[in-house]
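S.K.: After the structure tokens below, expect a handful of questions from me.
The values are calculated or read from the model by the stated rules, or taken from the named source; none is laboratory data. Everything numeric in this text was worked out from a predicted model, so none of it was measured. Note that we place each Cβ from the backbone using ideal geometry, even for glycine, and neighbour counts take in every protein chain shown. Each accessible area value is taken on the protein alone, full model and side chains, heavy atoms only, with ligands, DNA and RNA left out. Shrake-Rupley method; radii C 1.70, N 1.55, O 1.52, S 1.80 Å.
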Amino acid sequence: MYWIILIIAGLFEVGFTTCLVLSKNFTNLVWAAGFFICIGLSFFLLNKASQGIPMGTAYAVWTGIGAAGTVIVGMIFFKEPTDFWRLFFIATLILSVAGLKFVAN
């Protein structure tokens, strides 16, 4: 159950980074509110997940999901580059996060 909570926390991290961009320096109040809701939920769920997963592992997985997810959102919705090396290193990051899950106690 802790792993599911951690994955959801990582998805909220993607949510808050996306809302941050869409808030346009917090001038769009709807997206700014979304940012604060997502960041609050993300940290709350990270805290919950770290009660059953070692903190170092939880943090690495959380940031990995957030980084990979944010890059993917950027490529799909904000037309950021999708060259071979960018995709290669995102895949490497995702595999590393999965590897941490398999070696965690």
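S.K.: Could you tell me which residue of segment 14-36 is nearest to the chain's Cα centre (by Cα), considering only residues that are more than 22 Å from residue 76 (Cβ to Cβ), among the aliphatic types (A, V, I, L, M) and surrounded by fewer than 15 Cβ atoms within 10 Å (Cβ to Cβ)?
M.R.: Of the residues in segment 14-36, the ones more than 22 Å from residue 76 (Cβ to Cβ) are 25-27, 29, 32-33, 36.
Checking the rest, the ones that are also among the aliphatic types (A, V, I, L, M) come to 29, 32-33.
Filter once more, keeping what is surrounded by fewer than 15 Cβ atoms within 10 Å (Cβ to Cβ): 29, 33.
Values: 29: 22, 33: 18 Å.
Step by step, filter segment 14-36, then rank; the result is 33.
S.K.: Is it true that residue 21 is over 27 Å from residue 104 (Cβ atoms), assigned to a helix (DSSP H, G or I) and in contact (Cβ under 8 Å) with a residue 40 or more places away in the chain? Give the derivation first.
M.R.: Details: over 27 Å from residue 104 (Cβ atoms): yes; assigned to a helix (DSSP H, G or I): yes; in contact (Cβ under 8 Å) with a residue 40 or more places away in the chain: yes.
Answer is yes for this residue.
S.K.: Oh, and also: Can you tell me which residue in segment 67-76 is surrounded by the fewest Cβ atoms within 10 Å (Cβ to Cβ), limited to those that are of a type outside the set (Val, Ile, Thr) and touching a residue at least 12 places away in the same chain (Cβ under 8 Å)? Talk me through it step by step, then tell me what you get.
M.R.: Our first condition is that a residue be of a type outside the set (Val, Ile, Thr); within segment 67-76, this holds for 67-69, 74-75.
Retained after the next criterion (residues that are touching a residue at least 12 places away in the same chain (Cβ under 8 Å)): 67-69.
On the way: 67: 18, 68: 20, 69: 20.
Within segment 67-76, the match that is surrounded by the fewest Cβ atoms within 10 Å (Cβ to Cβ) is 67.
S.K.: While we're on this one: Is it true that some residue in segment 49-58 is out of contact with any helix residue (DSSP H, G or I) (no Cβ under 8 Å at 6 or more places or on another chain) and in a helix (DSSP H, G or I)?
M.R.: Start the filter on segment 49-58 by keeping residues that are out of contact with any helix residue (DSSP H, G or I) (no Cβ under 8 Å at 6 or more places or on another chain), which leaves 54-56.
If we keep only those that are in a helix (DSSP H, G or I) too, we end up with 55-56.
Scanning segment 49-58 turns up at least one residue that is out of contact with any helix residue (DSSP H, G or I) (no Cβ under 8 Å at 6 or more places or on another chain) and in a helix (DSSP H, G or I).
S.K.: Within segment 40-63, does at least one residue satisfy the condition of being open to solvent by 80 Å² or more (accessible area, probe 1.4 Å) and at positive phi?
M.R.: The answer is no, given that none of the residues of segment 40-63 is open to solvent by 80 Å² or more (accessible area, probe 1.4 Å) and at positive phi.
S.K.: Whether any residue in segment 1-14 is in contact (Cβ under 8 Å) with a residue 60 or more places away in the chain and of a type outside the set (D, E, K, R) is what I want to check. Break it down stepwise before answering.
M.R.: Of the residues in segment 1-14, the ones in contact (Cβ under 8 Å) with a residue 60 or more places away in the chain are 3.
Subset that is of a type outside the set (D, E, K, R): 3.
Checked against the condition, which is being in contact (Cβ under 8 Å) with a residue 60 or more places away in the chain and of a type outside the set (D, E, K, R), segment 1-14 yields at least one hit.
S.K.: Assigned to a helix (DSSP H, G or I), over 16 Å from the mean Cα position of the chain (by Cα) and within 20 Å of residue 9 (Cβ to Cβ): does that describe residue 102?
M.R.: Working: assigned to a helix (DSSP H, G or I): yes; over 16 Å from the mean Cα position of the chain (by Cα): yes; within 20 Å of residue 9 (Cβ to Cβ): yes.
The answer is yes for residue 102.
S.K.: Which residue pairs have Cβ atoms closer than 6 Å, lie 6 or more positions apart in sequence or on different chains, and pair a first residue in segment 47-66 that is farther than 16 Å from residue 16 by Cβ with a second residue that is modelled with pLDDT under 95 and open to solvent by 40 Å² or more (accessible area, probe 1.4 Å)?
M.R.: Filtered contacts from segment 47-66: 57/100; 60/100; 61/100.
S.K.: Could you grab me the full set of residues in segment 77-92 that are farther than 19 Å from residue 15 by Cα and in contact (Cβ under 8 Å) with a residue 12 or more places away in the chain?
M.R.: As a first pass, look at segment 77-92 and keep what is farther than 19 Å from residue 15 by Cα: 81-89, 91-92.
86 - this is the single residue of segment 77-92 that is farther than 19 Å from residue 15 by Cα and in contact (Cβ under 8 Å) with a residue 12 or more places away in the chain.
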